[in-house]
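Here is the structure we will look at.
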Amino acid sequence: MRRGAERGTEIWIVLKGEKDYTVDSVLSERGGDSVEPYGGTRKQGGNGGNGTMRLGSGLIFAAVALAAVQGFTAGSVKEACGLGGDAFAAWRETSLARRSGWYAKAEQTMPKLFSREVKPVGVVKVVQDASAFQGWRAVSEGEASKALGQPMNPGDSFTLDFGEHLVGTLAFSLVKTQPVIDAPVRLKFIFAEVPLELGEDARKIESLPTLSRSWLQHEVVTIDVVPSEVRLPRRYAFRYVKIEVVAAPGGGRFGIDGVSATAVTSADVATLRAWTAPSPALAKIDEIARRTLRNCMQTVFEDGPKRDRRLWLGDLRLEALADYETYRNFATVKRSLYVLAGTVDDDARLSSDAYERPRVHRGACCILDYTALFAATVLEYLEASGDRETAEDLWPVCVRQLDFLLDTIGEDGVFRDNGKWWCFIDWQSALNRQTPEQGALAYGFRQTLRLAKVLGRERDVAFLENVLAHMEKGAEGRLWNEGRGLYVCEKDGQSSWMGQAWMVIGGLAKGERAKRCLKSVMADAKAVRPVTPYANHYFTEALYEAGLRNEAEAHLIGYWGRMVELGADTFWEVFVPGDQQASPYKTPLINSYCHAWSCAPAYFLRNAKFRAAR
């Protein structure tokens, strides 16, 4: 990494536990040594995208303006488009004035939860099988009655299969099988979405780099009185439940009976829109996509009911798109939008995640590409529901976000990470985010212009036309590689599936150029591929947008259909066809196997635009 003083820009570095340094002072003290990124790449993280760097043997944490470090001018597209420093001040004040009202509306729009009782369909044993997903298979051992109500002793266990993925609570009865119970009964429960969670020993996980082991759905419960009716206090996401007797009186004095789950969702199955699938394979994909969506639809659109059990803006958008084609649960979309708007900070900046309990409050993450999608999510809600009042109410916070987003675009119209954001796009660790973020920002700006037109507020954001003109010129001049027929990143020349996808979706690649870059990247064996259904949603959308209809449907069936073949009854947070152990968290045990951003097929298969394409 070159010195950041080429344009007179001062970059601050914080040396952990010691004093502050600038790049120049560090280089001076070190005799002019260069500063290289730790591991050779700038890491992405939940801390807003700050990089971790190594100077000699000292660990430093840096929030750097990469544009300046790489030798580009410090000016942003704001100056190039004549936007002064106070251009967004009024939108900030209006957003802050409405914040408490937005918060109140989030509470007032609480959706109704629907519940149903579900009984286990059988008893299973989880066995190792190299041909099964992740190397584990659930093998039937008969009806649930084989285990329920039978005398049990310390060390005994059985695993119940509920036949489908559920989100809800568990109840059971402890019954006497002998007259006297002279000690408490202690039981261990393991709730599992997939067989791996029962087969692998979670005790081997000593620590996780970013997530707590407490996300593992393990419970130990002590019941003092037998007989008893017991309902476990937590909500779980599961298909399988293993129940083990940890400690209890011996001699088979008690049994476990009456096990049932109360499944909950804010999706009303009575409102499900009719749809005739063109094939059994697509019908199955749609069924699983709908179950994924339904189980993530709670009092907000959760990302995953196992983990993280909270609202994320990127997941919200894809869930909402699928919802409009299926359950049309507008109340949950509206509440989710108001939860995010009602928790903006004192600069009226959105958080990309939010919590509901013990009260609604903002999360700690600001994701650039998620924030760019907020206005698009408002627009799509308006188009689906007709609720113009909510869209007009949220318009100020949509415009306010532009102030932050535009700071990442240089005066040459090219995105460069300014160190103030978590740049996500996908969990793919090898991905250089520059090109995909260029396209994602362009898409967000275009959708903001569309929303403005619908609301009659074009004058508020007329400058975006000029911004997009700069971005188109910058993409053409700095990111397009004619010889390779695709878009690349400036620093390393990396090509990626998501770089091309977002350039197409963002309208920076059109017509034959759109087709060419997508076909080129699919033919490039070295191109970085996505690892999540979230990113694969956008790649599929780009194929449709470019008019590559056959390729789009083949990708949809090949990706989500492969999960179906592997036994999915909800779609997963992460899926790499060639690596079933893939995980952003160093172990697939902590992965979510019912994840909101994975429900895309219900949108693509049912939406009239994509049906016409097929």
Quick check, is ASP315 among the acidic types (Asp, Glu), crowded, with 20+ Cβ neighbours inside 10 Å, within 21 Å of CYS366 (Cβ to Cβ) and touching a residue at least 60 places away in the same chain (Cβ under 8 Å)?
yes
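Matching residues to (1) open to solvent by less than 30 Å² (accessible area, probe 1.4 Å); (2) assigned to a strand (DSSP E or B); (3) among the charged types (D, E, K, R); (4) at negative phi:
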residue	(1), (2), (3), (4)
VAL225	no, no, no, yes
PRO233	no, no, no, yes
TYR240	yes, yes, no, yes
VAL246	no, yes, no, yes
GLY251	no, no, no, no
GLY255	yes, yes, no, yes
VAL259	yes, yes, no, yes
THR262	no, yes, no, yes
ALA267	yes, no, no, yes
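Quick one: count up the residues across segment 214-246 that are over 30 Å from GLN178 (Cβ atoms) and without any contact (Cβ under 8 Å) to a residue 40 or more places away in the chain. Break it down stepwise before answering.
Narrowing segment 214-246 to residues over 30 Å from GLN178 (Cβ atoms): 214-217, 234-239.
Restricting the remaining residues to those that are without any contact (Cβ under 8 Å) to a residue 40 or more places away in the chain gives 214.
Selection size over segment 214-246: 1.
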Just name the residue that is modelled with the lowest pLDDT out of those in segment 473-492 that are of a type outside the set (Asp, Glu) and open to solvent by 20 Å² or more (accessible area, probe 1.4 Å).
LYS491
Checking the conditions here, which among THR159, THR177 is open to solvent by 50 Å² or more (accessible area, probe 1.4 Å), in contact (Cβ under 8 Å) with a residue 40 or more places away in the chain and among the β-branched types (Val, Ile, Thr)?
THR177
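Looking at ALA501, ALA509, ALA525, which is the one that is within 16 Å of GLU551 (Cβ to Cβ), assigned to a loop (DSSP other than H, G, I, E, B) and under 27 Å from the mean Cα position of the chain (by Cα)? Step through it out loud before you land on a result.
Working: ALA501 fails: assigned to a loop (DSSP other than H, G, I, E, B); ALA525 fails: within 16 Å of GLU551 (Cβ to Cβ).
Exactly one residue qualifies, and that residue is ALA509.
Taking into account only those residues within segment 318-362 that are among the basic types (Lys, Arg) and assigned to a helix (DSSP H, G or I), which is surrounded by the fewest Cβ atoms within 10 Å (Cβ to Cβ)? Steps first, please.
At the first step, the residues of segment 318-362 found to be among the basic types (Lys, Arg) are 328, 334-335, 349, 357, 359, 362.
Adding the requirement that they be assigned to a helix (DSSP H, G or I) leaves 334-335.
Numbers: LYS334: 21, ARG335: 26.
Ranking the candidates gives LYS334 first.
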Could you please give the count of residues in segment 551-594 that are outside any loop (DSSP other than H, G, I, E, B), out of contact with any Leu (no Cβ under 9 Å at 6 or more places or on another chain), in contact (Cβ under 8 Å) with a residue 60 or more places away in the chain and under 27 Å from LEU208 (Cβ atoms)?
1
Being among the aromatic types (Phe, Trp, Tyr), touching an Asp or Glu at 6+ places or on another chain (Cβ under 8 Å) and crowded, with 24+ Cβ neighbours inside 10 Å is true for just one of TYR538, TYR593. Which residue is that?
TYR593
What number of residues in segment 541-550 are assigned to a helix (DSSP H, G or I), out of contact with any Asp or Glu (no Cβ under 7 Å at 6 or more places or on another chain) and farther than 17 Å from LEU431 by Cβ?
5
Pairs please, first residue from segment 471-490 and free of Cβ contacts under 8 Å to residues at least 40 places away in the same chain, second anywhere and surrounded by fewer than 17 Cβ atoms within 10 Å (Cβ to Cβ) and assigned to a helix (DSSP H, G or I), Cβ atoms under 7 Å, 6+ apart in sequence or on different chains.
GLY485/ARG516
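The values are calculated or read from the model by the stated rules, or taken from the named source; none is laboratory data. All figures in this text were calculated on a predicted structure; none of them were measured in a lab. FYI the Cβ positions are ideal-geometry reconstructions off the backbone, even for glycines, and counts take in every protein chain you see. Please note that ligands, DNA and RNA were not included when accessible areas were found on the heavy atoms of the full protein model with its side chains. Shrake-Rupley method; radii C 1.70, N 1.55, O 1.52, S 1.80 Å.
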